[in-house]
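Read-outs: derived from the displayed coordinates by stated rules, not from any lab. Everything quoted here is computed from the prediction, not taken from an experiment. All Cβ positions, even for glycine, are placed from backbone atoms using ideal geometry, and neighbour counts span all protein chains on display.
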Amino acid sequence: SFSKKIIFLMLTIFALFFVFFSDFNQKDRENSQGHSIASTTPDSVAGVISVSVGDKPLETLLADTEETRQRGLSGRKSLGEDEVMLFVFDTPALYGIWMKDMNFSIDIFWLDQSGKIISLLERVEPATFPKIFTPSVPAKYVLEASAGFAQKNNLKIGGELYFSQNN
């Protein structure tokens, strides 16, 4: 019914505001070197400049503040083949991703607290906006890469990514 659609729309908008305007503690951050996400503390990714797939380092854009998580990749013309954006959240939740102001398709990975890929969407197109994509279970991190990245790197649910230290 129409009223159910309105309620759903209002809940969706509320969820978006929560996800994109949430703030988390940035104190006491530490660097991690050569460890999977699973072996780092929740706030230890502040010094990270690179995520690796196996032994292949990736240029990492870190979205770890309210402003950077809100902006994400919106407005960018493209993302390099080995460039990713890592969204860091304070606690696991069903973080939604949308394609607002996006100019290219992406692969979206949701990672749990242990650093494993728990949900994956490939080749999400800008034309899907305003649809919101969420994982089926709570995620701690979200990683965005150019469309085709998952296939090129043979990444699937259950796969793991690694961090490198900012020197």
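Things worth noting here:
- Looking only at the stretch 117-156, and only at residues there that are more than 24 Å from Asp64 (Cβ to Cβ) and of a type in the set (Lys, Arg), the one that is farthest from the chain's Cα centre (by Cα): Lys152
- Taken together, the residues in the stretch 46-91 that are part of a helix (DSSP H, G or I) and either within 19 Å of Asn153 (Cα to Cα) or touching a residue at least 60 places away in the same chain (Cβ under 8 Å) (or both) amount to 1.
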